[in-house]
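K.L.:
Please read through the structure below; I'll follow up with questions.
The values are calculated or read from the model by the stated rules, or taken from the named source; none is laboratory data. Note that the coordinates shown come from a computational prediction; the quantities given were computed from them, not determined experimentally. A quick note on method: Cβ atoms are made from the backbone with ideal geometry, for glycine too, and the neighbour counts reach across all protein chains shown. Quick note on the areas: whole protein, heavy atoms, side chains included, nothing else; ligands and nucleic acids left out. Shrake-Rupley method; radii C 1.70, N 1.55, O 1.52, S 1.80 Å.
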Amino acid sequence: MTDESQPHHVTVDRYVERYAARARGMVASEIRALFAVASRPEIVSLAGGMPYVSALPLDAVGDIFDDLVGSRGAVAMQYGSAQGDPGLREQICEVMALEGVNGHADDVVVTVGSQQALDLIGRIFLDPGDVVLAEAPSYVGALGVFASYQADVVHVPMDDDGLQPDALRDAIARTAASGRTPKLLYTVPNFHNPAGVTLAASRRAEIVDIARSAGVLVLEDNPYGLLGFDQEPMRALRADDGDTVVYLGSFSKTFAPGLRVGWALAPRGVRDKLVLAAEAGILSHSVVCQLALSQYLANHPWRDQVKAFRELYRERRDAMLGTLSSVMPAACTWTHPTGGFYVWLTVPEGIDTKAMLPRAVGARVAYVPGSAFFADGADGARHMRLSYCYPEPDRIREGVRRLGAVLEEEVEVRDTFGTTGTPARGLDRPPPNL
Amino acid sequence: MADVTGPVVVLAGGLSHERDVSLRSGRRVADALREVGVEVYERDVDAELLPALAADLPAAVFPVVHGAAGEDGAVREVLELLGVPYVGARPDACRRAYDKPVAKTVVTHAGIPTPEAVTLPQATFRDLGAGAVLDRIVARLGLPLVVKPARGGSALGMHVVRNVVDLPAAMVGCFSYGDTALVERFVAGSEVAVGVVDTGAGPQALPPVEIVPADGVYDYAARYTAGQTEFFCPARLSVDAIKAAEDTAVLAHRALGLRDISRSDLIVDENGEVQLLEVNVAPGMTETSTLPMAVAATQHDFGALCRDLVAAAISRPRR
Ligand SMILES: Nc1ncnc2c1ncn2[C@@H]1O[C@H](COP(=O)(O)OP(=O)(O)OP(=O)(O)O)[C@@H](O)[C@H]1O
């Protein structure tokens, strides 16, 4: 028994002194707490990037699993390889061919969603302090990976046609002037997450040229490429340069994120390292998931399913854009995505979308504040990401109406106090699957 | 030690900004009750709650819902309607305690000091001009200041303002959580949390827990990240100061008309003077919450305490 009257230190977590330096930023956050509310059905969440998997032929998928475990269980339930199932890798090459990519199955590495591909690339390329170029704004999950490898992200501006070549040259030159060489250019060329814009065809070759001559490896992250509403898939950056570009693809949006299957197509040397790193990290992929996916691609009209998704998301995009134009206060602007999941909304000067989030959640609508998409969280205050992929069109309209009312209130607060930013509180990143 | 026969419903979640904290608190209470042999169901506060409770009335309800609805008495008002016994204060007392400015008035009448403060709705700043009103506030209370929503918890929307240029932004951050702000004089000293429990023999203070956040501010991250805050129990204070803190917590519990369980947050300044910040009617019960730490320091079992609170609620005469 301890002496009750003697003060003693209460130990909440006995490993506090043992965590690695990189775990220091892993703390509880208000933003995450707010998203715990946002996941309730009472709230219209325009925050989540969840594909609408209810539209899948789930019975047929169930049959695939049944059949697979019943007839090939001893293989499906066994360890597999770290590079992924060879048959599936062949099929992946057929998928990439739709975007003009002529890849070889040997150069494909299956990954646990694109997220693991990002992590593996980080692991084999990034030392602390290395520079990664990324769009401004950039995908929150990629920023999280770069941060975990203690890399410095330099953001490069975009416009309605995506990444700006001159800005990219500038960023490379500025980095060089500081005595450093950027190692990677991370880009989401199609239906950008979060910005909703697409890199113009006329810029694609130029961007790759700039990277090639600067010795920068391009990470082309392309989960949404087949989800264009009005046009055929665009030609991938990788299609014209297999040495400069690592292409990352995923079945999360064209089929289902629950399978966790993505891939990287990489130059030979990079591929070898990716496979070794994957082996060290996860030993083997889920064989049953890969084989099920392979069956699905082989025996189901998966292109028709993707078409059905496109039509479904197009209707939702229209619901969002239509309501935005009727309810948003003057001085708000937003992007007009031609595919994918996201609209990037710019709010009136002086409004801070992160500070506004509690008000929005109180009004039962949620979004992701723009600051989440910048490495240091300092920019993006005037922006938010709205996604239209998950809620039904009527819910989207209702959510956007609620958001319009919240913005009106916030404009009044801004007019009262001359600002709406809260004092800086450090980085507060939401979970990437939002 | 009392026995509880029949199932107990632990209520947690809800739609307040503290949903996540509440779920963690609820899980802890439910597990603790199960460990001492009580049959427990966990339920969220949603449209399914009433039908479920009405269909199968439990022996008692243990509400662990933080934030509005949970702490402003609304959920308990509904439990009263159902006539089911529950742990904790009655709705009217919750309303008094949850509204910080009202609670300050009540405890001040009982002789408990609280930091000097100004309570104002957003509309006043709009109508009279924020600059002019803020100037008066700073002239009266000085710096640093603490800005917080009049109703709320977990330090959400709370800002310590040391520099006057940060004040407008702090007000904005606060109004995002609610339309009335409480602006208080900052009190320097040791922060202590004092739990009060009453299992039938009258309200008793638990040993004060001293809170030392790593970067000085006990904000959301400091509260719910293990290791971001150091806790000492009992607090590293003089015997007299400990006694004063305990007495203040019991007095505040009585003055507000609370029942069964509460937690007072206090600051003890360097002269050992105690000031009350606020009293919670649904204190946090998470791994990093102070009330369970204080129970552990008394060598009592947290589950046994929860069970005794439930037993006391069940045996309480119905109105
Ligand atoms: N007047 C003050 N002087 C000094 N520090 C203060 C003052 N008021 C609040 N604080 C600090 O801010 C924190 C949050 O205070 P607040 O009164 O907002 O609590 P709360 O959000 O209601 O918390 P809980 O979840 O405990 O109910 C306190 O724990 C304390 O560290």
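K.L.:
Would you please name the residue that is least open to solvent (accessible area, probe 1.4 Å), looking only at residues in the range B:223-238 that are among the hydroxyl-bearing types (Ser, Thr, Tyr) and within 14 Å of the ligand (Cβ to nearest atom)?
P.N.:
Only one residue tops the list, namely B:229.
K.L.:
Among (1) in contact with a His (Cβ under 8 Å, 6 or more places away or on another chain); (2) within 14 Å of residue A:105 (Cα to Cα), where does residue A:249 come up short?
P.N.:
Going through (1) in contact with a His (Cβ under 8 Å, 6 or more places away or on another chain); (2) within 14 Å of residue A:105 (Cα to Cα) one by one, residue A:249 breaks only (1).
K.L.:
Output yes when any residue across the range A:264-271 is under 30 Å from residue A:214 (Cα atoms) and assigned to a loop (DSSP other than H, G, I, E, B), and no when none is.
P.N.:
yes
K.L.:
Which number in (1) under 16 Å from the mean Cα position of the chain (by Cα); (2) open to solvent by less than 10 Å² (accessible area, probe 1.4 Å); (3) modelled with pLDDT under 95 marks the one condition that residue B:172 misses?
P.N.:
So the condition that residue B:172 fails would be (1).
K.L.:
Considering only residues that are in contact (Cβ under 8 Å) with a residue 60 or more places away in the chain and either under 21 Å from residue B:156 (Cα atoms) or assigned to a strand (DSSP E or B) (or both), which ones fall in the range B:223-239?
P.N.:
Of everything in the range B:223-239, those that are in contact (Cβ under 8 Å) with a residue 60 or more places away in the chain and either under 21 Å from residue B:156 (Cα atoms) or assigned to a strand (DSSP E or B) (or both) turn out to be B:223, B:224, B:225, B:226, B:231, B:233.
K.L.:
Picking from B:54, B:59, B:74, B:69, which residue would you name as being within 14 Å of chain A (Cβ to nearest Cβ) and open to solvent by 10 Å² or more (accessible area, probe 1.4 Å)?
P.N.:
B:69
K.L.:
Would you say residue B:278 is away from chain A (no Cβ under 14 Å) and assigned to a strand (DSSP E or B)?
P.N.:
Yes; evaluated as a whole, the condition is true for this residue.
K.L.:
Also, quick follow-up: If a residue has to be assigned to a strand (DSSP E or B), open to solvent by less than 20 Å² (accessible area, probe 1.4 Å) and within 16 Å of the ligand (Cβ to nearest atom) to count, how many in the range B:183-208 make the cut?
P.N.:
Counting residues in the range B:183-208 that are assigned to a strand (DSSP E or B), open to solvent by less than 20 Å² (accessible area, probe 1.4 Å) and within 16 Å of the ligand (Cβ to nearest atom) gives 7.
K.L.:
Restricting to the range B:209-222, name every residue that is facing chain A (nearest Cβ under 9 Å) and either away from the ligand (no atom under 13 Å from the Cβ) or small (Gly, Ala, Ser) (or both).
P.N.:
B:221, B:222
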